[in-house]
Structure formats: structure tokens, C-alpha cells
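Take a look at the structure below.
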Amino acid sequence: MIPGSRAPGLVQLLNYGRDPLGFLSAQQRRFGDIFAIRFPYFGRIVYVAEPSLVKALFTGDPAVFHAGEANASVLEPALGPNSVLTLDDGPHLRQRKLLLPPFHGERIERYGELIREVTRREMESWPVGEPFALRPHTQRITLAVIMRAVFGVHDERRLARFEGLIDEFARRVGLVASIPPLRRNLGGLSPWGRFLRSRQALDAFIYEEIALRRAEAETEARDDVLSLLLGARDEQGEAMNDRELRDEMVTVLGAGHETTATGLAWAVERLAHNPAVLAKLRDSLAAGEEDYLAATVRETLRARPVIVDVGRKLTAPATIGGHELRAGTFVLAAIAALHYREDSFPEPEAFRPERFLEAKPDNYAWIPFGGGIRRCIGAAFAEYEMRTILREFVERADLRPADPMPEKVRIRNITLVPAKGARVVLGRPLVYPAAGSASAVA
Ligand code: HEM
């Protein structure tokens, strides 16, 4: 019997929802490296919170450890049946192979100038001397980047229309994704009815873009992800059809923009509350170094993992950590608990990017992007984007915390967000370093 709290499911869900970071770590300290949590509707879920158990989960036979099925229970209404996130086995591998090349490390660096431009434009709207929440701004930046770099939309009127449709869709999807019993059509004003309408409107726009990009593919050399996917072929020489393209584009949109925006908001929140780290980062950038910036991004994703757990559903009985688990069991890696283990990350409460310069963490101890054949396809893109944007912030802005206490964590659409949106104050107007110089705010 896997140990776990006997509290009613609703109580456990509320505790999880209030502070998933603290809750998962507390379960690990109380019950050990493998424990169970009971949730209403989803039932008993098994969590592993130790690197060798996580390795067993991520490298187990993918035909037995189904990630797609586990994800589909929450994500399918939004992403559809052809998404790399909701598929398993052969179909998953096919989509994954088609999707990987555009997100390859070297390819994504082509978007650097676009990311900097969008960031600078958004920073112009920051007030000086008044507290403001940073997260809506980072979200506008990452959304603008995805709309342009991934979808290849550049026309201002279409961008505005697209943003409105995404906004409406994002507002409607949260409720029906997290509360499956709501997925019933009880008329136009019901949550499901509104969700279906917003999905239809967004899909119509995406199909228009696919058609536009197909027509342009003949005449123009484009380097957005959608254009690259139109040209991609699987081992049989087949291209993706429009339904597959729609599902993958919505997957990238859903998986890629809020997550990265939230990671960035946390990076600034952590830096603002750790002025010595911020000063060191600024100095290292002024000296032309990149390593401390990369380490700061990784330490942020350790201390505030945007996704707190990631799961597989067993299609057959399996043994993990000496426990025999039945087919149908959900097994999740407790990312939040794993990142706070003393033996992997000494003084886990401290925000210390140096730890990533001193030693490379075990592959299964630091897992903000999951792992195995399901590891996040956008990991390199997300880290590159976070580094590029954070660098602009730190070099140009004198960012201070708006409140003396660090922000609490909250769950929003399955991501871990700063409760007040990472409130900061700009101490003085933005600085514009001379072209080519990496000079920082003094
Ligand atoms: C800080 C930002 C991000 C975080 C924390 C994050 C985290 C994750 C996690 C935890 C998974 C599940 C992995 C598993 O099951 O083992 C995942 C999967 C995925 N992510 Fe990300 N992600 C981020 C950004 C992105 C971006 C920018 C994109 C696309 C451009 C993206 C696309 C995907 C896709 C397509 C998958 C599904 C992979 C598969 O099932 O084969 N993510 N991500």
C-alpha cells in the first residue's frame, strides 16, 4: 500500500490548490519518495519524488507509461485528438519527429532580434515609480513572439484579431479543462457552450492562416514554424493535414506562451527579492558573460517550476519503487517536491544560480521540462526566450520589489504563478545602452 494522507479528496485538492509547492514537498517529507494523493473525480494518484524513481517513470516502456492519455484527460478539449501532447505510441512519435526540427537550439536563435524588438516595445508601457504587475507584460511579450515567430502573422490588424481570439479562448478553456463534468452542452451560455464558440472562432482564424501560408509557400521563403511544418514530411513522405496542423499549432500556443511568461515573471520576482543575485547578474552581463544569466533562468525554473507535476497513465501493471501498480493508475513526477530535495539542491529555499555553475544536476533531479521521449519540445526555445528577455529587463530597467515579502504561489490553468503577478517598481526611467554595448543600469 502506497502511503498517503487519509484526508478527504476535497481537502487534499484545496491544500494542493492553495500551495502546490509547499503541499507536494510536505507530502514527500511526511510519506517518503513515493506517496499517494486522493483528488475528487480523478481519484487516487501516485506521486514519485526521487530522481531514480523519476527515471523509472520517464524511461519506462512508452507503450505502458502513456503520457498522452494522462494529458488528454485535461487537455484534449482544447488541443484536439492529433496533438503531440495528447497522442501516444506510433502516432505520438510521428508528430514529435515532425515538430522537433523547427524548435532545434540553433534554429530558434534566428528569432533573437524579433524577441528583443517585441520586448523593448512592451517595456515602453511600464510606469516609472509606481507598482505594477509584471506578468501581464511578460505574457504580452511571449504571445507576440509566438504569433509572429510560430504562426508567422505580421499584419497588425490580423495580430490584433488573433490576440482577441486567443484571449477569449484562454478565458473559456480553464474551467472546462479542470472540471471535466462541465463538458456538457447545456446551451449557448453554459461554460461548455461558450468554450465551443471560442474554439470555433479561433480555429477558423488558424485555418485561414494555414491557407494563407500554403499559398505563400510557393512564392516566399518564410522562416516561421508554421511554414516549416507545411514542408515537413514523415518517414512515409507524408505531410501533416490541416487538422493535424491546427492541433499542433494550438498545442504550441497553449504549451508555449503562458508557461514562458510565467517563468519570466518568477525570474524577476526572485531577482527583485534577491538584490545580491540581481547585482551579480547585472555585473556579469556588463562583463559580456552569459553563463550566470543561463544559471539564473535554470535556478528560477528549479525554485518556481511553472508546471508542478507531470504524469503518465499505466496501460498495464508496472512496478515502481518496489510497489506494484495496477493498469489505469496515474503516476506523476512531483516536480515541485523533487526541486526542493536537500540531497539534490542543498539549502533549497535559497535562490542561488551558482549551484548550476558549480555542478550539472542529475537529469532526473531538475525536471522543469519533464523527461524521456516526452520531454518538452520547446525547452530550448523557452530557455533562449527567457534569457533574451531577461537580459533586456536587467540591462535597461531598475527593477525593485513593490512589496517587502516574496510573492506567494498560486495555481492558474495548471501553472504555478506569482499570486500578485510579480509586482515591481521601476526605480527610474529605462536606460538605453549604446548600440553594441552591454552596459547596465549603474
Ligand atoms: C518555461 C516554459 C515551459 C515549461 C516549464 C514547459 C514544461 C513542459 C512540461 C513539464 C512538459 C511535459 C513533459 C513530459 O511529459 O515529460 C512539456 C511538454 C511539451 N511542451 Fe513545454 N514547457 C515550456 C515551454 C514550451 C514552449 C515554448 C513550447 C513550444 C514552443 C512547448 C511545447 C511543448 C510540447 C509540444 C510538449 C509535448 C511533448 C510531448 O508530449 O512529446 N513548451 N512542457
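The values are calculated or read from the model by the stated rules, or taken from the named source; none is laboratory data. None of these values were measured; they are calculated from a predicted model. Counting neighbours? That spans all protein chains shown, and the Cβs are built from the backbone with ideal geometry, glycine included. Surface accessibility is based on the protein's heavy atoms, side chains included, excluding ligands, DNA and RNA. Shrake-Rupley method; radii C 1.70, N 1.55, O 1.52, S 1.80 Å.
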(request) For Thr251, indicate whether it is within 9 Å of the ligand (Cβ to nearest atom) and open to solvent by less than 20 Å² (accessible area, probe 1.4 Å). (result) yes
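Could you list, in sequence order, the residues of segment 351-364 that are in a loop (DSSP other than H, G, I, E, B), at pLDDT 95 or above and open to solvent by 30 Å² or more (accessible area, probe 1.4 Å)?
Arg352, Glu354, Tyr364
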(request) Would you check which residues across segment 130-157 are touching a Lys or Arg at 6+ places or on another chain (Cβ under 8 Å) and open to solvent by 50 Å² or more (accessible area, probe 1.4 Å) and list them? (result) Pro131, His154
(message) Just the residues that are more than 20 Å from Ile373 (Cα to Cα) and among the aromatic types (Phe, Trp, Tyr), please, taken from segment 306-343.
(response) Tyr340
(request) Please find, within segment 51-92, the residue that is nearest to Ile34 (Cα to Cα) out of those that are in a helix (DSSP H, G or I) and among the charged types (D, E, K, R). (result) Lys55
(request) Of the numbered conditions (1) touching a residue at least 60 places away in the same chain (Cβ under 8 Å); (2) within 30 Å of Leu245 (Cα to Cα); (3) open to solvent by 30 Å² or more (accessible area, probe 1.4 Å), Gly80 fails exactly one; give the number of that condition. (result) (3)
(request) For segment 228-238, name all the residues that are open to solvent by less than 40 Å² (accessible area, probe 1.4 Å) and without any contact (Cβ under 8 Å) to a residue 40 or more places away in the chain. (result) Leu230
(message) I'd like the full set of residues that are hydroxyl-bearing (Ser, Thr, Tyr) and either within 16 Å of the ligand (Cβ to nearest atom) or in contact with a Cys (Cβ under 8 Å, 6 or more places away or on another chain) (or both), limited to segment 341-364.
(response) Tyr364
(request) Could you please find all residues in segment 393-407 being surrounded by 21 or more Cβ atoms within 10 Å (Cβ to Cβ) and within 23 Å of the chain's Cα centre (by Cα)? (result) Phe393, Val394, Glu407
(request) Of the numbered conditions (1) in contact with a Pro (Cβ under 9 Å, 6 or more places away or on another chain); (2) more than 30 Å from Tyr111 (Cβ to Cβ), Ala334 fails exactly one; give the number of that condition. (result) (1)
(request) Could you list, in sequence order, all residues of segment 313-340 that are within 16 Å of the ligand (Cβ to nearest atom), in a strand (DSSP E or B) and open to solvent by 10 Å² or more (accessible area, probe 1.4 Å)? (result) Lys313, Phe330, Leu332
(request) Can you work out which of the residues in segment 90-122 that are surrounded by fewer than 13 Cβ atoms within 10 Å (Cβ to Cβ) and within 12 Å of the ligand (Cβ to nearest atom) is nearest to Gly68 (Cα to Cα)? (result) Leu100
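With the condition kept exactly as written, say whether any residue in segment 365-373 is of a type in the set (Gly, Ala, Ser), modelled with pLDDT of 95 or more, closer than 28 Å to Lys97 by Cα and more than 13 Å from the ligand (Cβ to nearest atom). Working first, answer last.
Residues of segment 365-373 of a type in the set (Gly, Ala, Ser): 365, 370-372.
Now narrow it down to the ones that are modelled with pLDDT of 95 or more: 365, 370-372.
From the residues that got through so far, the ones that are closer than 28 Å to Lys97 by Cα too are 365, 370-372.
Next, only the ones that are more than 13 Å from the ligand (Cβ to nearest atom) stay: 365.
Within segment 365-373, one or more residues are of a type in the set (Gly, Ala, Ser), modelled with pLDDT of 95 or more, closer than 28 Å to Lys97 by Cα and more than 13 Å from the ligand (Cβ to nearest atom).
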(message) For segment 1-33: of the residues being within 22 Å of Thr319 (Cα to Cα) and polar (S, T, N, Q), which is least open to solvent (accessible area, probe 1.4 Å)?
(response) Gln27
(message) I need a count of the residues in segment 380-414 that are over 26 Å from Leu114 (Cα atoms) and either within 16 Å of the ligand (Cβ to nearest atom) or not acidic (Asp, Glu) (or both).
(response) 13
